[in-house]
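So the structure is just underneath, and the comments pick up after that.
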Amino acid sequence: NMETNEISKVRMLYKNGLAAEQPEFADAKLREDLALLSALDRCFSEIEGQDYACQAVKEHLFGLLRKTNAAGPAAVFFFAGSPAVGKTLLAQKIAQALGRPFIRFDMSGYADKEAPMYLFGLNKSYRASSAGMLTDFVKEHPLSVILFDEIEKAHITVRNNVLQMLDQGAVRDLYYGMDISVRDCILIFTSNVGSNVYNKASNPYNLAGTPISTIVKSLEEERNPYTNEPFFSRELVSRFASGKIIMFNKLRPEILHRIAVKQIDKLVQYYSQEYNIVSNFEYDALADLILLSQGRDVEVRS
């Protein structure tokens, strides 16, 4: 993989001290790249059980650093996988590492026919007109990270506008009466669509080797059980695939255990600081008890 090789080259140059010995390697761009990688490593260290997804994000972002953005947004990620595996958290950590403004849209709240006006504005001729929450945010923060959580739940008109954003790098706000550019934005979409892949995999804890063609086929073919319509058009899936589609692993029991221990520790520290309540129970045993009480389908949100 060319991107992986580039990352390895940068790391080795600095590890071996060549940047100091050969000034041509110590240019500002190289230092900027290494600083970005360090920031991503630091922020992603908090994400459990998704090493492949984290590495894939780093490689894709690094691959974009030295390329000219010809069309569309600066970067597009599509995070697929079962619920509560870290998709939203990874999106937040990308924004944190890059130091960019971040906004999250829960697309289950934009499923009705009025959804487009809330996101993309309403013409000034209407009494209750206003700018769209999405377009107004991008207008104020053109260099930002935007998360569309569970994009499959959005109204069809919203998804069509998303297609326009991915195609043209801009979307029209009806209140301002102008196109708002997203050319410098990083757009991240999460989805639970793709269950044919992650529910039927022989090893759902390691989906890194799933061919992209298999994932794309699943995204194109999976249908809404209530309407029997495909969740995504082929055109929209194609635009997702032109960015970076990443399938997230299900979380192993030992990962869930580790997350539970961390949360218990946070709660213990909180009660100690706020109420001076001291606890001396065994964290590991309590974590196991919590996980076992949830049955076989335990997840982080339980």
Exercise. For segment 66-160, which fully contained helices (runs of 4 or more DSSP H) count at least 3 residues that are open to solvent by 60 Å² or more (accessible area, probe 1.4 Å) and farther than 25 Å from SER218 by Cα?
Worked result: 133-140
Exercise. Among the residues of segment 48-61, is any at pLDDT below 60 and either closer than 19 Å to THR88 by Cβ or not in a helix (DSSP H, G or I) (or both)?
Worked result: no
Exercise. Could you count how many residues in segment 176-219 are of a type outside the set (Val, Ile, Thr), more than 23 Å from SER108 (Cα to Cα), in contact with a strand residue (DSSP E or B) (Cβ under 8 Å, 6 or more places away or on another chain) and not in a loop (DSSP other than H, G, I, E, B)?
Worked result: 3
Exercise. Hydrophobic (A, V, I, L, M, F, W, C) and under 14 Å from ILE103 (Cα atoms) - does that describe any residue in segment 156-164?
Worked result: no
Exercise. Of all the residues that make up segment 186-241, how many are closer than 20 Å to VAL85 by Cβ, at pLDDT 90 or above and of a type in the set (Gly, Ala, Ser)?
Worked result: 2
Exercise. Which of the residues that make up segment 94-109 are over 30 Å from LEU34 (Cα atoms) and touching a Lys or Arg at 6+ places or on another chain (Cβ under 8 Å)?
Worked result: MET107, SER108
Problem set entry | Filter result for the condition that a residue is touching a residue at least 60 places away in the same chain (Cβ under 8 Å), more than 16 Å from ARG172 (Cβ to Cβ) and small (Gly, Ala, Ser), over ALA128, ALA97, ALA111 | ALA97
For this session: Scan segment 161-175 for residues that are open to solvent by 10 Å² or more (accessible area, probe 1.4 Å) and outside any loop (DSSP other than H, G, I, E, B) and report the count.
Result: 8
Exercise. When both residues are 6+ apart or on different chains and their Cβ atoms are under 6 Å apart, which pairs have a first residue that lies in segment 182-210 and is farther than 18 Å from ALA56 by Cα and open to solvent by 30 Å² or more (accessible area, probe 1.4 Å), and a second that is at pLDDT 85 or above and part of a loop (DSSP other than H, G, I, E, B)?
Worked result: ARG183/GLY169; ASP184/ALA74; ASP184/PRO142; ASP184/LEU143; ASN192/PRO83
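With respect to LEU286, determine if the residue is closer than 30 Å to ALA111 by Cβ and either of a type outside the set (Gly, Ala, Ser) or touching a residue at least 12 places away in the same chain (Cβ under 8 Å) (or both).
For LEU286, the condition - closer than 30 Å to ALA111 by Cβ and either of a type outside the set (Gly, Ala, Ser) or touching a residue at least 12 places away in the same chain (Cβ under 8 Å) (or both) - is not met.
The values are calculated or read from the model by the stated rules, or taken from the named source; none is laboratory data. In this text, all values refer to a predicted model and were calculated from it rather than measured experimentally. We place every Cβ from the backbone using ideal geometry, glycine too, and count neighbours over all the protein chains shown. Just the protein is used for accessible areas: all its heavy atoms, side chains included, with ligands, DNA and RNA removed. Shrake-Rupley method; radii C 1.70, N 1.55, O 1.52, S 1.80 Å.
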